[in-house]
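Engineer: I'd like to ask you about the structure that follows.
The values are calculated or read from the model by the stated rules, or taken from the named source; none is laboratory data. For clarity, every value in this text was computed on a predicted model and none was experimentally measured. Don't worry about glycine lacking a Cβ; one is built from the backbone with ideal geometry, like all the others, and counts go over all protein chains shown. These accessible areas exclude ligands, DNA and RNA; they are computed on the full protein's heavy atoms, side chains included. Shrake-Rupley method; radii C 1.70, N 1.55, O 1.52, S 1.80 Å.
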Amino acid sequence: MKISYFISLGLLGLSLTSHSMMAQDSSKVVQKFLKENTKLDFKVISNTQEPLKDASVIILESPNKERMALLVSKDGSYMIPLAEGIATSNSGSALRASIDGVNKYNKDMKDSKILALFKKHSSSVLKIESTKPSKNTIYMVLDTTCPYCLQEIAHLDDYLKEANLEVLMVGILGQKAQNRTAGYYQELQSAKSRDQKIALLKKVFRADYAPKVGNNDLATRISEESLAAGVQGVPYIIRTTK
């Protein structure tokens, strides 16, 4: 894992406050961690728990059931949203447990909503069986104009060696993406065999794919419902084992 210089600066303070070791030891741990991941030498200016004596971690739940963690001053006059942290070791801490718990809850909730979409639109899901019988299934929400989704398609054969694959295509990255997704759903009706499905999946990710006709209504509906379910970026991948 590589961390950018600016992200590292932002994480330095969080790492210092979340580590449970003595100040001098935690400084060394953080310095070593950042050195290994950025190839840069960071100087610790201070390391004190004094500012946190009047603060607490509060976990909130919004009306849509999503949770978030905040570091809040005792009088409530100042708060810091807490999102993803970076573990410098396997040792646990109350702060890490709180953040990991919130993130796992949100991920599980989002996954359940997205899996419900796969079930709802089962007839529009591209399903490819694993090379050999498998109880594992990989669910992917992809956009044909997404370069990171293209990287996943490049590993298609590897995925199919270990699991079954189910794909929902969305067009959330602009009009070109919407048009290509509509064309994909139009062609999906004719993809019956395993080879035809694999060929179609690779075809729609080619740079020159520009379909003339498509199922715009279905593409729009699935894209909008995916966004409503919590797909904020693609590829969105869920791995399950029955």
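Engineer: With (1) more than 28 Å from Leu227 (Cα to Cα); (2) at pLDDT 85 or above as the list, and Ser8 as the residue in question, which single condition is left unmet?
Structural biologist: (2)
Engineer: For segment 76-90: of the residues being of a type outside the set (Phe, Trp, Tyr) and over 24 Å from the mean Cα position of the chain (by Cα), which is most open to solvent (accessible area, probe 1.4 Å)?
Structural biologist: Met79
Engineer: If you take the residues in segment 224-241 that are under 16 Å from Glu166 (Cα atoms) and of a type outside the set (A, V, I, L, M), which one is least open to solvent (accessible area, probe 1.4 Å)?
Structural biologist: Out of the qualifying residues, it is Ser226.
Engineer: Tell me the residue from Ser122, Ser98, Ser130, Ser73 that is in contact with a strand residue (DSSP E or B) (Cβ under 6 Å, 6 or more places away or on another chain), at pLDDT 95 or above and open to solvent by less than 70 Å² (accessible area, probe 1.4 Å), please.
Structural biologist: Every option except Ser130 fails the conditions.
Engineer: List, please: which pairs have Cβ atoms under 8 Å, are six or more places apart or on different chains, and start with a residue in segment 135-160 that is free of Cβ contacts under 8 Å to residues at least 12 places away in the same chain and end with one that is open to solvent by less than 80 Å² (accessible area, probe 1.4 Å) and in a strand (DSSP E or B)?
Structural biologist: none
Engineer: Residues of segment 206-224 being touching a residue at least 40 places away in the same chain (Cβ under 8 Å) and in a loop (DSSP other than H, G, I, E, B), which ones?
Structural biologist: Across segment 206-224, the qualifying residue is only Tyr209.
Engineer: Let me ask something else. Can you name every residue in segment 182-194 that is surrounded by fewer than 20 Cβ atoms within 10 Å (Cβ to Cβ) and part of a helix (DSSP H, G or I)?
Structural biologist: Gln186, Glu187, Arg194
Engineer: Give segment 227-240 a look and list any residue that's within 14 Å of the chain's Cα centre (by Cα) and not charged (D, E, K, R), or say none.
Structural biologist: Within segment 227-240, Leu227, Ala229, Gly230, Val231, Gln232, Gly233, Val234, Pro235, Tyr236, Ile237, Ile238 qualify.
Engineer: Only one residue in Lys197, Lys202 is within 20 Å of Ser122 (Cβ to Cβ), in contact with a Leu (Cβ under 8 Å, 6 or more places away or on another chain), in contact (Cβ under 8 Å) with a residue 12 or more places away in the chain and surrounded by fewer than 20 Cβ atoms within 10 Å (Cβ to Cβ), so which one is that?
Structural biologist: Result: Lys197 is the single residue among Lys197, Lys202 that is within 20 Å of Ser122 (Cβ to Cβ), in contact with a Leu (Cβ under 8 Å, 6 or more places away or on another chain), in contact (Cβ under 8 Å) with a residue 12 or more places away in the chain and surrounded by fewer than 20 Cβ atoms within 10 Å (Cβ to Cβ).
Engineer: Shifting gears a bit: Step by step: first the residues of segment 49-62, then only those that are free of Cβ contacts under 8 Å to residues at least 24 places away in the same chain and under 22 Å from the mean Cα position of the chain (by Cα), then the one that is surrounded by the fewest Cβ atoms within 10 Å (Cβ to Cβ). Which residue is that?
Structural biologist: For segment 49-62, the residue satisfying everything is Ser62.
Engineer: Another one. So, in segment 12-67, how many residues would count as being of a type in the set (Asp, Glu), farther than 30 Å from Lys110 by Cα and modelled with pLDDT of 80 or more?
Structural biologist: Total meeting the criteria: 3.
Engineer: Pull up segment 28-44, narrow it to residues that are part of a loop (DSSP other than H, G, I, E, B) and either of a type in the set (D, E, K, R) or surrounded by 14 or more Cβ atoms within 10 Å (Cβ to Cβ) (or both), then point me to the one that is nearest to the chain's Cα centre (by Cα).
Structural biologist: In this case the residue turns out to be Lys39.
Engineer: From Lys104, Lys110, Lys74, grab the single residue that is out of contact with any Leu (no Cβ under 8 Å at 6 or more places or on another chain) and touching a residue at least 40 places away in the same chain (Cβ under 8 Å).
Structural biologist: Going through Lys104, Lys110, Lys74 in turn, the sole match is Lys110.
Engineer: Failed condition for Asn216, given (1) over 13 Å from Asn179 (Cα atoms); (2) surrounded by 14 or more Cβ atoms within 10 Å (Cβ to Cβ); (3) more than 15 Å from the chain's Cα centre (by Cα); (4) of a type in the set (S, T, N, Q), with all others met?
Structural biologist: So the condition that Asn216 fails would be (1).
Engineer: For segment 158-181, enumerate the residues that are surrounded by fewer than 18 Cβ atoms within 10 Å (Cβ to Cβ) and part of a loop (DSSP other than H, G, I, E, B).
Structural biologist: Listed by number, the list holds a single entry, Gly174.
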